[in-house]
Amino acid sequence: MTATPKILVIDDEKGLRDMLHFTLSKEGYDVITAASGMEGIQMASSEMPDIAIIDIKMPKMDGIEVLDKIKEVTPDLEVIMATGYGTMESAIESLRKGALDYIHKPFNLHELLAVILKALENKKLKSQLVSVMQLDKLKDELLSTLSHELNTPLTVIAGSVKLLMGQVLVEEEKKAEMLEILNTNVDRIKTLVETILDFSKMESGFYKIIKSAVSVPDMISHAIKHVQPLADKAKIRIMQDHNLSGQHIPPPQCVIMCDLIQIERVLVNLLTNAVTFASENGKIAVWFETIKDQVQIVIEDNGRGIEKEALPRIFDKFYRADNSLARKEYGLGLGLSICRGIIKLHGGSIRAESEGLHRGSRFCFMIPING
Ligand SMILES: Nc1ncnc2c1ncn2[C@@H]1O[C@H](COP(=O)(O)OP(=O)(O)OP(=O)(O)O)[C@@H](O)[C@H]1O
Ligand SMILES: [Mg+2]
């Protein structure tokens, strides 16, 4: 609902439209008017009012027909029917068709304002119900993804431990291999728990930013070092100060005021994604430039890419472009939402670009140089 509730009056009588416009505007509402049903339906879809007051008796298209059509285009609109003498039956029919209430003409101002307040309250309750339902859906999604993401490494850990503890003698070489698998899966669970803790800190507003002077090239090198083992394992090359075509982009001397740990976390998250969603023998390029009083850091890869429809949702919490059970990659769909939160706390911005599936992705974020 908008800050000032918007009311659409549909009535063929000019005097009535003008009177309602004057009276309701004086009460603080934003009032728009339409002289016919057709005009009203168009205005409802273009202006998105909160409430419509529709006259039942109108030439060409009567109020009931307008109600039918207007509910098709804007189902959330609260409709109040204005009834005149001899239109009681139609008024009752309109309630059956989804109108909230009706009022008699000539209008009693107190009655009219009371019905409008009731309609606004109704709209608010409906939107709260939608929020609760969305939250509930989000919770279900989290629980199902979380149990799936935890179950896989836990099953591997349980199997390896059983073998190592069992009676069957395990060769030394095999033992080392199993310990390595154990280690990888424990790390996976640790990362998962860290992500959830980060996310809950961000959601509850406990994320603290402690700024200091940071050298951008050093910070990038450090973040790359962190993900290098993962990249090596997947045979993916990370190029610093180059773009994806291999062109060298000389790094400018750049010291910025930021929270080193948090911005490095953003870099690690973006690099981990680039490795995770890369293609075999893929490439990742990391470079930066200064634009006026901001630094822009770019991380691009020639991997899986992102579909056009998925791009606007990529930073939403729990969003994973491929959410099928067959998905091979681990992750809760929280990394990018945490990145966006950190960048926002620095007064910066982050965006994702991709030409589409299998055409690589580019993530760019900007933060002010002087904090
Ligand atoms: N470089 C990339 N290439 C292709 N798709 C990507 C890339 N980065 C992110 N995505 C898509 O965006 C989704 C959301 O990314 P995000 O980092 O928020 O979650 P995640 O990596 O799935 O899990 P988490 O980061 O919580 O471990 C990913 O699941 C993936 O579908
Ligand atoms: Mg991620």
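Every number in this text was worked out from the coordinates using simple rules, so none of it is lab data. Just so you know, these numbers come straight off a predicted model, no measurement behind them. Don't worry about glycine lacking a Cβ; one is built from the backbone with ideal geometry, like all the others, and counts go over all protein chains shown.
Tally the DSSP beta bridges in the chain and give the antiparallel ones as a percent, rounded to 5.
55 percent
When ranked by the protection proxy of mean other Cβ atoms within 10 Å per residue, highest first, what sequence do the peptides 131-139, 358-366, 249-257 form?
Per-residue mean Cβ counts within 10 Å order the peptides as 358-366, 249-257, 131-139.
Would you calculate a helix-derived [θ] at 222 nm for the chain, using -39,500 (n - 2.57) for each DSSP H run of n ≥ 4 and dividing by the full residue count, to the nearest 500?
So the calculated ellipticity at 222 nm is -16500 deg cm²/dmol.
Along Cα→Cβ, 7 Å out, is where each label goes; now give me the distance between the ones at LYS69 and SER45 in nm to one decimal.
1.0 nm
May I ask you to derive the FRET efficiency for LYS344 and SER131 from their Cβ-Cβ distance with R0 = 22 Å, giving the value to the nearest 0.05?
0.55
Helix 335-345 sits at what angle to the longest principal axis of the chain, using alpha carbons and giving 0 to 90 degrees rounded to 10?
For helix 335-345, the angle is close to 70 degrees.
At R0 = 56 Å, how high is the FRET efficiency between LEU197 and ARG96 if r is their beta carbon distance? Nearest 0.05 is fine.
0.60
Note the angle between two axes, namely the Cα long axis of helix 109-165 and the longest principal axis of the Cα atoms of the chain, as a number of degrees from 0 to 90, rounded to the nearest 10.
20 degrees
Along the Cα→Cβ direction, 7 angstrom out, place labels at LYS174 and LEU143. What is the inter-label distance in nm?
Result: 4.0 nm between the two label points.
Determine, from the Cβ-Cβ distance of LYS211 and MET165 and an R0 of 56 Å, the FRET efficiency 1/(1 + (r/R0)^6), rounded to the nearest 0.05.
Result of the calculation: an efficiency of 0.70.
Roughly how many Å is it from the Cα centre of the stretch 258-302 to that of the stretch 303-342, as a whole number?
Computed from Cα coordinates, the inter-centre distance equals 16 Å.
From the cross-link list LYS211/LYS233; LYS60/LYS126; LYS97/LYS123, which pairs have alpha carbons spaced over 26 Å apart?
The pairs that break the limit, which is 26 Å between Cα atoms, are LYS211/LYS233; LYS60/LYS126.
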